[in-house]
Amino acid sequence: MLSEKFLNEFEEYLTSGQLEEDYGYSAEDRKIEILEYLERFMDLAEEVDKVATRLLMPHLSEAMPAKDK
């Protein structure tokens, strides 16, 4: 499970510019790895949004059915 400490450290790593600095000094394979991590976090953020919406508004799907139905 995630901890508040991890989230705070990751937030600081992103907002401080340290990630971008690390990227700039990294070898090409490490740059690809960093970009893959960021892509995974973006995918997870989309999933977080879906879960949070379901938790906060459990009956939303009844009021607004999915477009594919």
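Coordinate-derived values only; no laboratory data. What you see is a predicted model; the values in this text were computed from it and never measured. Ideal geometry is used to build each Cβ from the backbone, glycine not excepted, and the neighbour counts take in all protein chains shown.
Using θ = phi - 60° in the Karplus curve 6.51 cos²θ - 1.76 cosθ + 1.60, the 3J(HN,Hα) couplings for the range 20-35 round to 5, 5, 4, 4, x, 9, 8, 5, 4, 5, 6, 4, 4, 4, 4, 5 Hz; x is entered for Gly and Pro.
Within the shell defined by Cβ-Cβ distances under 15 Å, the residues around Glu20 carry a net charge of -3, with Lys and Arg each +1 and Asp and Glu each -1.
Under the convention that each Lys and Arg Cβ holds +1 and each Asp and Glu Cβ holds -1, the size of the dipole of the chain around its Cα centre is about 480 debye.
Ordering Tyr25, Met1, Val51 by Cα displacement along the dipole of the chain toward the positive end leaves Val51 in first place; charges were set at the Cβ atoms of Lys, Arg (+1) and Asp, Glu (-1). In nm, to one decimal, how far is the modelled label at Glu20 from the one at Phe41, with both set 7 Å along Cα→Cβ? Distance between label points: 1.3 nm.
Extension gain for Leu7-Ala27 works out to 4.6 nm (0.36 nm per residue, less the C-alpha to C-alpha distance).
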